[in-house]
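Notes follow the structure.
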Amino acid sequence: GEVVRQRKAIVVNDFASYNPLKKGYPKGHVELSRFMSIPVMIDDRIVAVAGLANKQTDYDDTDAHEITMLMSGVWNAVQRREAMETLAYERNKYLQILLSLGDGVMVIDRNQKIEMLNTVAAKLTGWTPEAAIGVHYKEVLILSHEQGGLTIENPIEKVFRTGKTQGLGDHAILMSKEGVEYYVEDSAAPIQDEKGSLSGVVLVFRDVSQQKEQRKKIEYMS
């Protein structure tokens, strides 16, 4: 308690002598002869207190400094481990969400290689998720304009160029690996790292072939 109140190390090298702060031992506690307690400070905030006792020689300022450095390192290591565990949990949680979406999802890394395809994306592209990993996205996502001679600007390419979310017009056709054509609508969004730099792209797309055919029929009837 005094460590927290005074925000500094407390050293008692004659624990048997009278001290108004002593409250006695809990039942079964080892007898103390020397005692040192230090605060673990992170960003000027006490995050823990470490206590040591019964060194064969007196505790001094060097001991306090060395233990302070040691415990700060231990605390930082614990925090890093907890942060990594939290990150892994969050990553897995959001991965499961992406995998279960009813739309196709494709995740591309900073090198423009595919990191993940969900089940719907695999069906529309004709690639298995396992085969697509590590492949350049342009080999998997083959887009063309429904009107021959016109081109479709790839939204993933545009995100890498601009760093901004991009959508795809309603004239895009996706050619699967088996040669099946699907009318698709999609949007591509940047993935940023902790420094705000572009580290990849996530593409979400859906098959709108049925809606497209119905629209054509209505236009023809009109």
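The values are calculated or read from the model by the stated rules, or taken from the named source; none is laboratory data. Predicted model only: the values in this text are computed from it and were never measured. Reconstructed Cβ throughout: ideal geometry from the backbone, glycine too, with neighbour counts over all protein chains shown. Calculation scope for accessible area: heavy atoms of the full protein, side chains included, ligands and nucleic acids excluded. Shrake-Rupley method; radii C 1.70, N 1.55, O 1.52, S 1.80 Å.
When only alpha-carbon atoms count, how far does the stretch 105-222 stretch along each of its three principal axes, as whole angstroms with the largest first?
54, 29, 24
What are the residues whose amide H is under 5 Å from the amide H of residue 49, where those residues sit 5 or more places off or on another chain and H is modelled from the backbone?
Answer set, sorted by chain and number: 40.
Pull out a ≥ b ≥ c, the square roots of the eigenvalues of the alpha-carbon gyration tensor of the stretch 111-172, then state rounded if a/c is under 1.5, prolate if not and a/b is larger than b/c, and oblate in the remaining case. Intermediate results must be reported in sequence, preceding the final value.
Working: a/c = 2.08, a/b = 1.32, b/c = 1.57.
Oblate, because a/c is 1.5 or more while a/b does not exceed b/c.
Quick one: pull the percent of accessible area on the chain belonging to carbon and sulfur, 1.4 Å probe, ligands and nucleic acids left out. Present the calculation step by step, with values, prior to reporting the outcome.
Values: 7690 of 14500 Å².
Its accessible area is 53 percent carbon and sulfur atoms.
Quick one: plug the Kirkwood hydrodynamic radius of the stretch 39-170 (C-alpha pairs) into Stokes-Einstein at 4 °C, 1.567 mPa s, and report D in µm²/s.
Value of D from the Cα-based Kirkwood radius: 66 µm²/s.
What percent does the relative contact order of the stretch 112-222 come to when contacts are Cα pairs within less than 8 Å and at least six residues apart?
That works out to 20 percent.
Need the list of aspartates and glutamates near residue 55 for cross-linking: C-alpha distance under 17 angstrom, and skip anything on the same chain fewer than eight residues off.
The reachable aspartates and glutamates, counting only those whose Cα sits under 17 Å from residue 55, are 14, 31, 63, 66.
Taking the Cα centre of the stretch 55-214 as origin, work out the dipole magnitude from +1 charges on Lys and Arg Cβ and -1 charges on Asp and Glu Cβ, in debye rounded to 20.
Its charge dipole is roughly 420 debye.
For the chain, what is the calculated [θ] at 222 nm in deg cm²/dmol (nearest 500), taking -39500 (n - 2.57) for each run of four or more DSSP H residues and dividing by its residue count?
-11000 deg cm²/dmol
So what's the gap between the Cα centers of the stretch 188-213 and the stretch 114-166, to the nearest angstrom?
Cα centres, the stretch 188-213 to the stretch 114-166: 9 Å.
Please go through the residue pairs 113/195; 113/164; 158/212; 158/216; 138/216; 158/195 and name each one whose alpha carbons sit more than 23 Å apart in this structure.
Beyond 23 Å between Cα atoms: 158/212; 158/216; 138/216.
For the chain, taking Cα atoms only, what is the radius of gyration to one decimal and the Dmax to the nearest whole Å?
So, for the chain, Rg and Dmax equal 31.2, 103 Å respectively.
Plugging the Kirkwood radius over Cα pairs into Stokes-Einstein for the stretch 42-97, at a temperature of 10 °C and a viscosity of 1.306 mPa s, what D comes out in µm²/s?
After rounding, the answer is 113 µm²/s.
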